[in-house]
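Structure first, then comments.
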Amino acid sequence: MIEHALIPGTFDPPTLGHLDLFARAAKLFARVTVGLAINTNKRALFSPEERFALLQACTAGFPNVAVVRVDGLVVEACRALGAGAILRGLRSGVDFDYELQIARTNAALLPGLETLFLPSSPAVAHLSSTLVREIASLRGDCSALAPAPVVAALARRYSPP
């Protein structure tokens, strides 16, 4: 039985889709760890420290959810944390094709590690961090797309000087 799952991602910024995944995972596993991964190939809007603080604020209501920073391979984080599974949300078939390749690679790197896919809830399946960033950059209202701490951080980031 898998009791601990890791949800890795860059979360730049966390969206209501991420929050939905965290909430659903918290009901499925005794322990859930949200792993803030650093992808040097992506140009991030928020620093790792800012994203970490946002994730902590967004997960504060879930007693069995913790946030950690993942500085290397996700499989190594799973090994160090004792997580038996990686949980990934899927918005579409395109996500599945991409995630399946990663899941198979992770299984080769750490035999016995499971990757589980959870389809996005219909209400948030259209959301992405990229979309939220773009709307915020044009000073659009993101309150229906991201948790309140993220909406406030986006407003501060894109407020006129």
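The values are calculated or read from the model by the stated rules, or taken from the named source; none is laboratory data. Nothing here was measured: the structure is a model prediction, and the numbers come from that model. Every residue, glycine among them, receives a Cβ derived from its backbone with ideal geometry; neighbour counts consider all protein chains shown.
Quick one: count up the residues across the range 97-152 that are assigned to a loop (DSSP other than H, G, I, E, B), of a type outside the set (Gly, Ala, Ser) and surrounded by fewer than 14 Cβ atoms within 10 Å (Cβ to Cβ).
Start the filter on the range 97-152 by keeping residues that are assigned to a loop (DSSP other than H, G, I, E, B), which leaves 110-113, 120-128, 138-147.
Among the residues that remain, those that are also of a type outside the set (Gly, Ala, Ser) are: 110-111, 113, 122, 124, 126-127, 138-139, 141-142, 145, 147.
Now drop any that are not surrounded by fewer than 14 Cβ atoms within 10 Å (Cβ to Cβ), which leaves 111, 122, 126, 138-139, 141.
Matching residues across the range 97-152 total 6.
Select from the range 49-58 the residues that are under 13 Å from the mean Cα position of the chain (by Cα) and without any contact (Cβ under 8 Å) to a residue 40 or more places away in the chain and write down the one among them that is nearest to ARG133 (Cα to Cα).
Going through the range 49-58, the residues under 13 Å from the mean Cα position of the chain (by Cα) turn out to be 51-52, 54-56, 58.
Retained after the next criterion (residues that are without any contact (Cβ under 8 Å) to a residue 40 or more places away in the chain): 52, 56.
Numbers: PHE52: 17, GLN56: 19 Å.
My answer is PHE52.
Can you tell which of ALA85, ALA77 is in contact with a Gly (Cβ under 6 Å, 6 or more places away or on another chain) and more than 30 Å from SER137 (Cβ to Cβ)? Before the answer, list the steps.
On the way: ALA85 fails: in contact with a Gly (Cβ under 6 Å, 6 or more places away or on another chain).
One residue alone meets the criteria, ALA77.
Among all residue pairs at least 6 apart or on different chains, which show Cβ distances below 6 Å where the first residue, located in the range 2-19, is of a type in the set (Asp, Glu) and the second is in a loop (DSSP other than H, G, I, E, B)?
GLU3/ALA30; ASP12/ALA44; ASP12/LEU45; ASP12/PHE46
Being in a strand (DSSP E or B) and buried (at least 19 other Cβ atoms within 10 Å of the Cβ) is true for just one of ARG51, ARG88. Which residue is that? Show your work before the answer.
Working: ARG51 fails: in a strand (DSSP E or B).
Only one candidate passes the filter, namely ARG88.
Looking at the range 67-84 only, could you name the residues that are assigned to a strand (DSSP E or B) and buried (at least 20 other Cβ atoms within 10 Å of the Cβ)?
If the condition is that a residue be assigned to a strand (DSSP E or B) and buried (at least 20 other Cβ atoms within 10 Å of the Cβ), then VAL67, VAL70 are the ones that fit.
Here are some residues: ALA155, ALA80, ALA125. Which one is without any contact (Cβ under 8 Å) to a residue 60 or more places away in the chain, of a type outside the set (Val, Ile, Thr) and farther than 20 Å from PHE29 by Cβ? Can you show your working first?
Values: ALA80 fails: farther than 20 Å from PHE29 by Cβ; ALA125 fails: without any contact (Cβ under 8 Å) to a residue 60 or more places away in the chain.
Answer to the check: ALA155.
Looking at the range 13-35 only, could you name the residues that are more than 12 Å from ILE86 (Cα to Cα), part of a helix (DSSP H, G or I) and either of a type in the set (A, V, I, L, M, F, W, C) or at pLDDT below 95 (or both)?
Selection gives LEU16, LEU19, LEU21, PHE22, ALA23, ALA26, LEU28.
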